[in-house]
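These notes are about the structure you will find just below.
The values are calculated or read from the model by the stated rules, or taken from the named source; none is laboratory data. Bear in mind the structure is a predicted one, so any value in this text is a computation, not a measurement. For neighbour counting, all protein chains shown are included, and Cβ atoms are generated from backbone atoms with ideal geometry for every residue, glycine included. These area figures cover heavy atoms from the full protein model, side chains too; ligands, DNA and RNA do not enter into them. Shrake-Rupley method; radii C 1.70, N 1.55, O 1.52, S 1.80 Å.
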Amino acid sequence: MTMKIAVLPGDGIGTEIVEQAVRVLNVLDLKFEMESALVGGAAYEAHGHPLPDGTLNLAKAADAILFGAVGDWKYDKLDRPLRPEQAILGLRKHLGLFANFRPAICYEQLVGASSLKPELIAGLDILIIRELTGDIYFGQPRGRRVATDGHFPGAEEAFDTMRYSKPEIERIAHVAFQAARKRSKKVTSVDKANVLETFQFWKDVVTEVHAQYPDVELQHMYVDNAAMQLVKAPKAFDVVVTGNMFGDILSDEASMLTGSIGMLPSASLNAKNQGLYEPSHGSAPDIAGKGIANPLATILSAAMMLRFSLQQPEAADRIESAVQAVLATGYRTPDIWSAGTLKVGTREMGDAVVAAITGKTITKAITKS
Ligand code: NAD
């Protein structure tokens with residue numbers, strides 16, 4: 001069966017890094033049907049909307065979506081519904097992508113790139129699972145109004161609504177416990193049950209679902225403590241599950257433990273295992289067009305795509321091993337470069353991964369240095 005991949009490079013470095021991931025996919029001897037479409041600022045320029053119908057329909061019909069990044073400061077003045085970032089929210093909503101997986105793995109060769117002491121992060125391998133379609137980011141009502149109560153009645157105020165339904169918490173809890181079964185069988189559920197009604201409910205429902213997973217250890221932790229523990233003793237975590245807003249913040253914190261955001265892949269899945277795969281970083285307008293962006297987060301996202309949505313675990317392993325081999329050979333894009341290693345650009349890093357997969361000598365594969 002041919003696997004259908006919607007390729008949405010987006011803006012800024014998105015086009016440069018997705019190009020390398022596509023090259024890597026193309027040397028795997030698998031049959032893919034890949035079709036590209038514009039998204040984000042590029043789609044706004046061409047069609048007046050960051051997520052045109054054609055792009056959305058292509059994404060809906062695909063088995064998986066390989067996404068680059070969207071956004072540029074030049075679009076910051078547009079009305080909110082027309083801003084590039086709305087394309088991601090739209091895809092999450094229309095495809096029901098409720099489970100976001102963000103592994104934070106510290107590669108042995110990059111231990112020195114982290115701002116934490118090597119002994120704290122060497123061997124780090126944690127998985128943050130963030131609920132992606134609920135919480136205060138989507139809750140209604142929201143808006144601006146004149147306050148009728150509170151500390152300043154009569155003053156202008158803004159408000160959002162934090163809410164979670166039981167099925168929303170149950171399904172993300174199942175995802176976390178099942179993921180933990182394939183790892184070291186430990187889940188930390190992060191909440192703010194001491195202050196928020198929504199997160200007392202979250203804690204109660206996660207505890208209820210846990211009864212179906214007696215082989216998995218469950219720990220509850222308040223979000224403020226979790227933020228602290230992530231930098232104090234990150235290796236104490238394995239699978240972390242939390243709501244949309246706490247997950248947004250904690251997954252960025254965890255990403256920096258590993259040294260560079262340019263190394264971190266992510267997956268967002270729906271109930272049918274259809275998924276959107278993208279690097280954890282944005283479109284990096286500051287380095288776009290310079291050919292120096294690190295493509296490894298996107299290449300590793302393609303590996304996650306093969307594992308989660310396309311049921312090709314061996315191909316995923318091949319990509320991940322190739323990335324390790326390239327790092328071991330000393331190739332580094334500027335974001336992960338340190339003295340004694342070889343600085344390469346986006347395309348050369350892609351060349352090196354392709355060479356490692358196809359069994360060629362990595363050093364000979366570099367087109368320029
Ligand atoms: P960013 O992640 O784009 O960049 C932050 C820093 O990391 C920059 O210095 C950048 O050069 C560097 N960086 C990021 N990816 C890199 C890579 N692969 N290789 C080397 N260096 C890399 O975040 P930002 O600057 O806050 O945002 C830029 C734009 O991206 C904004 O418009 C923002 O809204 C958008 N954004 C999009 C997404 C997405 O598409 N999912 C996510 C976050 C931000």
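Summary of values
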read-out	value
Hey, residue 113 under 30 Å from residue 337 (Cα atoms) and either in contact with a helix residue (DSSP H, G or I) (Cβ under 9 Å, 6 or more places away or on another chain) or in contact (Cβ under 8 Å) with a residue 60 or more places away in the chain (or both) or not	yes
Lone unmet requirement of (1) at negative phi; (2) open to solvent by 60 Å² or more (accessible area, probe 1.4 Å); (3) away from the ligand (no atom under 16 Å from the Cβ); (4) outside any strand (DSSP E or B) for residue 19	(3)
Lone unmet requirement of (1) without any contact (Cβ under 8 Å) to a residue 12 or more places away in the chain; (2) within 20 Å of the chain's Cα centre (by Cα) for residue 177	(1)
So residue 303, is it surrounded by fewer than 24 Cβ atoms within 10 Å (Cβ to Cβ), within 19 Å of residue 20 (Cβ to Cβ) and in contact with a helix residue (DSSP H, G or I) (Cβ under 8 Å, 6 or more places away or on another chain)	no
Qualifying residue in segment 287-295 (condition: of a type outside the set (Asp, Glu) and closer than 25 Å to residue 139 by Cβ)	no
Segment 22-56, subset within 21 Å of residue 92 (Cβ to Cβ) and assigned to a strand (DSSP E or B), residue nearest to the ligand (Cβ to nearest atom)	36
Failed item in (1) touching a Pro at 6+ places or on another chain (Cβ under 8 Å); (2) within 25 Å of residue 241 (Cα to Cα); (3) in contact (Cβ under 8 Å) with a residue 40 or more places away in the chain; (4) not assigned by TED's automatic domain parsing to the domain that holds residue 247, with residue 103 passing the rest	(4)
Filtered residue count, segment 162-197, keeping only those that are in contact with an Asp or Glu (Cβ under 6 Å, 6 or more places away or on another chain) and of a type in the set (S, T, N, Q)	1
Single condition residue 145 does not satisfy, out of (1) assigned to a helix (DSSP H, G or I); (2) open to solvent by 70 Å² or more (accessible area, probe 1.4 Å); (3) charged (D, E, K, R); (4) more than 27 Å from residue 122 (Cβ to Cβ)	(1)
Top-ranked residue of segment 310-330 - restricted to ones that are in a loop (DSSP other than H, G, I, E, B) and open to solvent by less than 20 Å² (accessible area, probe 1.4 Å), ranked as nearest to residue 4 (Cα to Cα)	310
Filtered residue count, segment 331-346, keeping only those that are touching a residue at least 40 places away in the same chain (Cβ under 8 Å), in a loop (DSSP other than H, G, I, E, B) and either among the basic types (Lys, Arg) or surrounded by 15 or more Cβ atoms within 10 Å (Cβ to Cβ) (or both)	2
Residue 85 being open to solvent by 20 Å² or more (accessible area, probe 1.4 Å) and within 12 Å of the ligand (Cβ to nearest atom)	yes
Tally of residues being closer than 25 Å to residue 32 by Cβ and either surrounded by fewer than 20 Cβ atoms within 10 Å (Cβ to Cβ) or under 12 Å from the mean Cα position of the chain (by Cα) (or both) across segment 275-300	10
From the options 221, 228, residue that is under 30 Å from residue 111 (Cβ atoms), open to solvent by 70 Å² or more (accessible area, probe 1.4 Å), without any contact (Cβ under 8 Å) to a residue 40 or more places away in the chain and hydrophobic (A, V, I, L, M, F, W, C)	228
Among residues of segment 267-296, those that are within 17 Å of residue 20 (Cβ to Cβ) and in a strand (DSSP E or B), counted	3
Index of the failed condition, residue 91 passing every other in (1) outside the structural domain of residue 277 (by TED's automatic domain parsing); (2) within 16 Å of the ligand (Cβ to nearest atom)	(1)
Any chance residue 300 is on the phi < 0 side of the Ramachandran plot, in a helix (DSSP H, G or I) and not polar (S, T, N, Q)	yes
Yes/no for residue 85 being closer than 17 Å to residue 266 by Cβ and among the acidic types (Asp, Glu)	yes
Failed item in (1) over 17 Å from the mean Cα position of the chain (by Cα); (2) modelled with pLDDT of 95 or more, with residue 107 passing the rest	(2)
Any hit, segment 124-132, residues being open to solvent by less than 80 Å² (accessible area, probe 1.4 Å) and assigned to a helix (DSSP H, G or I)	no
